[in-house]
Amino acid sequence: EDTGRIPSIKELFGFTIPLSLGGLFLSLSSVLIGMVISRAQDAEHLMPVYYLVLGIANPMAFAATRNQTLVVVFSSIKKNPRLFRFSILSGILLGLIPLILIIPGMIELYYVKLQNASQAQVHLIRITAMSLLFYPLSVALRSYAEGVAAGRKKPGNILTGQAVYLGVLSVSAIIAFFLRVPGNIIGSLALIVSNIAAASVLQVSLHFEEVQKRRFLDIRQKVQMPEMDKV
């Protein structure tokens, strides 16, 4: 909703600095995952496969982040379940697109001939691609929650969610490592779990603040009613 008021420099910095810090948290994810995978068993074979497949999954995940912009644009609508359903649907579709490249014929054409992968890696490529199926969906859910928070001008909540993302990603990757999960699957699990955790925490924090706000308004209304009766 356009109030016509020009925000001050302080307000602009107060809104963008938490978002910039959150972006830093997100950018560190690939570094942390790489550190864990490099220490996993057979890392010299599994790590190249993981990042080869991630090269297709990442653009799909980036496309899923556009749900944030969509939610902000329609933030004036208090309850719009279509936006949430669209985020889920788009995340599922974006997750399915990379699987086209692992069907027989396509996997040889793209990964073997174009990306110079070996025939011995084809099976690992298929498994890794399947493990990243829900990665764009998890990003779509996080982006939806961030869009709701941005529409309500809650950058602190977004920063909290992204801090949770980094923390859960680190912990889940380390746990998967100690459980001897293959290196090409560790990154997939960590990315999906951390995005869902961030989305959940963000939604819960926004809901809690909304409930607190309603309680405050109800209390204020009850206090004002006796005063109006006296008048």
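The values are calculated or read from the model by the stated rules, or taken from the named source; none is laboratory data. Everything numeric here is computed off the predicted structure, so don't read it as measured data. Neighbour counts run over all protein chains shown; Cβ positions are idealised from the backbone, glycine included.
Below is a table of values for the structure above.
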| read-out | value |
| --- | --- |
| Residue within segment 165-176 that is on the phi > 0 side of the Ramachandran plot and modelled with pLDDT under 95 present | no |
| Scan of segment 89-129 for residues that are among the basic types (Lys, Arg) and over 29 Å from the mean Cα position of the chain (by Cα), ordered by number | 113 |
| Number of the condition not met by residue 77 [criteria: (1) closer than 28 Å to residue 153 by Cβ; (2) modelled with pLDDT of 95 or more] | (2) |
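Every residue, every condition in (1) touching a residue at least 40 places away in the same chain (Cβ under 8 Å); (2) of a type outside the set (Asp, Glu); (3) within 30 Å of residue 114 (Cβ to Cβ), yes or no:
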{"position": "125", "(1), (2), (3)": "yes, yes, yes"}
{"position": "144", "(1), (2), (3)": "yes, yes, no"}
{"position": "147", "(1), (2), (3)": "yes, yes, no"}
{"position": "152", "(1), (2), (3)": "yes, yes, no"}
{"position": "187", "(1), (2), (3)": "yes, yes, yes"}
{"position": "194", "(1), (2), (3)": "yes, yes, no"}
{"position": "207", "(1), (2), (3)": "no, yes, no"}
